[in-house]
1. State all residues of region 442-476 that are modelled with pLDDT of 95 or more and part of a helix (DSSP H, G or I); if no residue qualifies, say none.
2. Pick out the one residue from E316, E345 that is in contact (Cβ under 8 Å) with a residue 24 or more places away in the chain, near ligand 2 (Cβ under 9 Å from one of its atoms), within 22 Å of F289 (Cα to Cα) and touching a Gly at 6+ places or on another chain (Cβ under 9 Å).
3. What number of residues in region 370-394 are aromatic (F, W, Y) and either over 26 Å from the mean Cα position of the chain (by Cα) or farther than 16 Å from P459 by Cβ (or both)?
4. Could you please find all residues in region 92-106 being open to solvent by 60 Å² or more (accessible area, probe 1.4 Å), under 10 Å from V124 (Cα atoms) and in contact with a strand residue (DSSP E or B) (Cβ under 9 Å, 6 or more places away or on another chain)?
5. Step by step: first the residues of region 256-296, then only those that are free of Cβ contacts under 8 Å to residues at least 40 places away in the same chain and within 22 Å of Q421 (Cβ to Cβ), then the one that is nearest to ligand 2 (Cβ to nearest atom). Which residue is that?
6. Please verify whether region 411-423 includes one or more residues that are within 23 Å of G465 (Cβ to Cβ), touching a helix residue (DSSP H, G or I) at 6+ places or on another chain (Cβ under 6 Å) and either within 15 Å of ligand 2 (Cβ to nearest atom) or of a type in the set (D, E) (or both).
7. Cβ contacts < 8 Å: first residue at positive phi and within 14 Å of ligand 2 (Cβ to nearest atom), restricted to region 474-495; second residue among the acidic types (D, E) and assigned to a loop (DSSP other than H, G, I, E, B), any location; separation 6+ or different chain. Result?
8. Against the definition (within 25 Å of the chain's Cα centre (by Cα) and at pLDDT 95 or above), how does R135 come out, yes or no?
Amino acid sequence: MKSPALIAAGLAAVLFASPAAAATGSPGAPGVGDSYYPLDGNGGYDATHYDIRLNYDPATDHLSGTTTILARTTQDLSEFNLDFLLKVSSVRVDNVAADFHTAGGELTVTPKAVLPKDRDLTIVVRYDDTPEPYRLYGYAGWQKTPTGALGVNEPQIAPWWYPSNDHPRDKATFDVSIAVPPGVEALSNGVLVNKQQTSPRWVRWNWRSTRPQAPYLTFLAIGQYDVRQGTAPDGQTLITAYGDDLGDNGPAARASVERTPEVLDVLSRYFGPYPFEAQGGVVDSSLGFALENQTRPVYDGAFFRAGTNTSVVAHENAHQWFGDSVSVDDWKEIWLNEGFATYAEYLWSDYQGEGTPAEVAQFTYDNIPADDPFWQVLPGDPGEQNQFADAVYDRGGMTLQALRTAVGDDAFFRIVKQWPQDKQYGTGTTTEFVALAEKVSGKQLDDLFTTWLYTPGKPAVGPNGQSAAAAAATAKPGSYDQIQQNHQLLAAGRK
Ligand code: TRP
Ligand code: ZN
């Protein structure tokens, strides 16, 4: 509720409002206040749609074009930032040329006049550059590959290829249009709404995402791929693509990723309806990890070097609920993504007859000695350097098994279905998740989450509780090595 003083101030503003008074806006904040990445996102506006229209030449890593952003101001704005690294040639705000400068991953735009609060904006940014050499927080993002490039990374990739409000708190719909030379494939999220040769030199691919999408989950994969366009049993567009250079990993990659609709069907029994409008996957031999890009995860070919790996497909597709539809409200909450994706690997293991969640979680707990540095990383706030450490995955997964033990199967599965329903297309925090778990179960759960997420050291009681039967050592589940190998590859993450 507003205080009397604020109401009086508001009244004064109304009484004395004049065109001159409207000219006093203030600059939007350069970041949204993320705990690990202070410059990610921006203040003063909300983006509602990105129209990205680019040309890319794999021979030169030359990227050029225009991004048009539809946004709405959230304050009287004299100046605002976009998160962007590349050289910009012009910026227009509502069709009027604006002043701008770039520094350290921030594109600062100064419109000709102050933009009033609650106003729809059209921001047009033209640019032309080579993305590969840029670094943000010391990290590389864009990856040049032998036949193209990958705009695939976490927690940041947008600044290497389009200007954005780069934080999961500001989701938007996307049209990604990318022209490449004939014979090159250009892949992105959602549905392929058009593909057309526009000149002897260029073929343009138009992709569309119609559900709210975080900027880092919007991807580009350009190169030589075998693209398969199909329809899933539920009628959704299913697009998969396999790098021409996958070699002997190719068949196992296909035998895994082609099962994406089955994986989504199994996961939706636990987590509720699949939240998006298309499905698929891309396998590339240069990526080095896997990422849960919305509607279309991207996998390195190495995930399939020991044969089929449906476990990583379950992991990435579980992120469609936990990570993509419900995103982290702050990057320190990363266990809400990785712990759930790990738990989905346990559930998939059960479906495959290779160990129940209780067995996999118990074996993981038993297998890591108490003096292992693993137990010093806190999944609930691992620190920027440990954001994707093993503990975020494995201790995160064990945390959910400990919750299941504490509240029982019935409440547990109601919680994991309710969370993506309550938070669909938004963001969540651990505090909110604990509150939901307590509400659904009627139990006090602070101690459990404090022990598993926020206390250094190996919890004295394992994920299945302290009864002798629950805590009995189990034989190594059939899925264990695969799950561990997945996490090692995933945690290796970015460079
Ligand atoms: N979120 C990814 C997954 O678990 C893994 C990941 C961690 C990652 N760090 C990354 C992916 C950096 C790309 C870049 O599926
Ligand atoms: Zn993951």
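The values are calculated or read from the model by the stated rules, or taken from the named source; none is laboratory data. Bear in mind that the values here come from a model prediction, so they are computed numbers and not experimental data. Heads up, the Cβs are rebuilt from the backbone with ideal geometry, glycines too, and the neighbour counts pull from every protein chain shown. Only protein heavy atoms, including side chains, enter the accessible area calculation; ligands, DNA and RNA are left aside. Shrake-Rupley method; radii C 1.70, N 1.55, O 1.52, S 1.80 Å.
1. D446, D447, L448, F449, T450, T451, W452, L453, Y454
2. Going through E316, E345 in turn, the sole match is E316.
3. Residues flagged as aromatic (F, W, Y) and either over 26 Å from the mean Cα position of the chain (by Cα) or farther than 16 Å from P459 by Cβ (or both) within region 370-394 amount to 2.
4. Correct list: R92, N95.
5. Across region 256-296, the extreme among qualifying residues is S268.
6. Scanning region 411-423 turns up no residue that is within 23 Å of G465 (Cβ to Cβ), touching a helix residue (DSSP H, G or I) at 6+ places or on another chain (Cβ under 6 Å) and either within 15 Å of ligand 2 (Cβ to nearest atom) or of a type in the set (D, E) (or both).
7. Note: pairs meeting the criteria are G493/E154.
8. When the stated conditions are applied, R135 passes them.
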